[in-house]
Amino acid sequence: MPTYARADVAFERGEGAYLQAEDGSWYLDFGTGIAVTALGHAHPHLVEALTTQAEKLWHVSNLYRIPASERLAERLTANSFGERVFFCNSGVEAFEGAVKIARRYHHSVGNSERYRVITFEQGFHGRSLAGISASSGAKLRAGFEPLTPGFDQVPFNDAEAARAAVTGETAAVMLEPVQGDGGIRPADPQFLREVRRICDEHGLLLIADEIQCGMGRTGALFAHQWAGIRPDVMALAKGMGSGFPVGAVVATLEAAQGMTPGTHGSTFGGNPLAMAVGNAVLDVMLEDGFLANVRTTGARLREELDALARRHPELIRQVRGSGLMLGLQAQGSNLDLVNAFRAEGLLTVPGGDNVVRVLPPLIITDHHIDDGLARMDRACQRLAATEPR
Ligand SMILES: *Cc1c(COP(=O)(O)O)cnc(C)c1O
């Protein structure tokens, strides 16, 4: 189905931060398939984990214990606020699981009337019917009505608007600590702490959608950690399998108390193949110095992008984001920039608010930053030469 406006390029292989197209040309991948291939392409440790597991066992279903999923759940909870984990296969399933946990929590404590979730403008939570109902944007929703009831949207970074939206039917507040599809819009730490306070005051669950900004992307394992807050529920996917489809919902014991046998499920979720890769990704991300390196390279890339924006104010209005989750807000069209970068062999991802998302693999070095910036400079020079003044 023609649901995507695809660029006319097909890739055959990947090595680290680079992709090779069918015609043999190499591209520097600063898009990572939309913040997915966090450890780059064909990472030896992931290839080893996947192929070793592939020869042993792929799938058994959740009718049986899956030791690798127990291990991954233990590691995710040991490194977060969480105490319970549910595994799924994609972001939108993690979102759905998070909303179900919130409704079921209030049901189990005798507040079944609490089912609504406050979400934020420019937010994105996935493409299921509930996902588009929770997300922002007429384009996502047009023709798919009626929407799923139970979502109330308020302006992002506006704690007072969130407070005013709370009613006796509110179950939870859900936000992306850094909005991704909306255009790399970080939540103000003060706003995050205020939302936590609102949730505490009203007995609401705070759900962090970390599907894009989590798993090391901002230089912390989870982006909410920068604000020093603890959500009650967190949705993960994208970078979690570095290209293998796997997602998870992480929750506190308290928040997950309603999730008893039979209340939720997934045929594929947490299967041995996905769990082998998920554990291998964590092996790398939890290594000493990995996240510190994301912070260092992120800061350097940010400096270089700021300098690029100063050289080309006619093309780039603003640089924003954190860690290796950065955005260039375009003066003209973000698509022109994305296309110009791609013509120079650099892949980036368009986002909302006229932004070019710069989402390199978390393993990049100074060499990749230099290469990426050289390509961006060439693209900007060409674009500036053709742009009407
Ligand atoms: C990508 C994304 C989703 C949806 O994930 P899918 O795997 O495409 O279903 C949900 N929330 C956020 C913040 C995302 O970036």
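Asp370 contributes about 80 Å² of solvent-accessible surface, heavy atoms of the protein only, 1.4 Å probe. For the pair Ala7 and Gln318, the difference between a 0.36 nm per residue extended length and the Cα-Cα distance amounts to 109.4 nm. Of the whole protein surface, Trp58 contributes about 150 Å² of accessible area at a 1.4 Å probe radius. Of all lysines in the structure, those lying under 29 Å Cα to Cα from Lys56, and not within fewer than 8 positions of it along the same chain, are Lys238. Along each principal axis, taking the top coordinate minus the bottom one, the Cα set of the chain gives 65, 53, 43 Å in descending order. Would you mind telling me the share, in percent, of accessible area of the chain contributed by carbon and sulfur at probe 1.4 angstrom? In the chain, the share of accessible area belonging to carbon and sulfur is 53 percent.
Here Thr52 sits with roughly 60 square angstrom of accessible surface, probe radius 1.4 Å. Quick check: from the Cα gyration tensor, does region 136-176 come out rounded (a/c under 1.5), prolate or oblate? Since a/c reaches 1.5 but b/c is at least a/b, the shape of region 136-176 is classed as oblate.
A simple spin-label model places the labels of Thr267 and Arg197 4.9 nm from each other, with each point 7 Å out along Cα-to-Cβ. The residues of the chain expose, per residue, 43 Å² of accessible area to a 1.4 Å probe. Helix content alone sets the calculated 222 nm mean residue ellipticity of the chain: runs of n ≥ 4 DSSP H residues at -39500 (n - 2.57) each, divided across all residues, give -11500 deg cm²/dmol. For Lys100, the aspartates and glutamates whose Cα falls under 19 Å of its own Cα, not counting residues fewer than eight places away in the same chain, are Glu83, Glu113, Asp152, Glu169, Glu176, Asp209, Glu210, Asp232, Glu254.
Taking a virtual spin label 7 Å from the Cα of Val109 along the C-beta vector, which residues in region 189-215 bring their backbone nitrogen under 18 Å of it? Once the point is set 7 Å along Cα→Cβ of Val109, 195-208 turn out to lie under 18 Å by backbone N, inside region 189-215.
The values are calculated or read from the model by the stated rules, or taken from the named source; none is laboratory data. A quick note: this is a predicted structure, and the numbers were derived from the prediction, not measured. Methodologically, a virtual Cβ is constructed for each residue, glycine included, from the backbone with ideal geometry; neighbour enumeration extends over all protein chains shown. Keep in mind that these areas ignore ligands, DNA and RNA; they rest on the heavy atoms of the full protein, side chains included. Shrake-Rupley method; radii C 1.70, N 1.55, O 1.52, S 1.80 Å.
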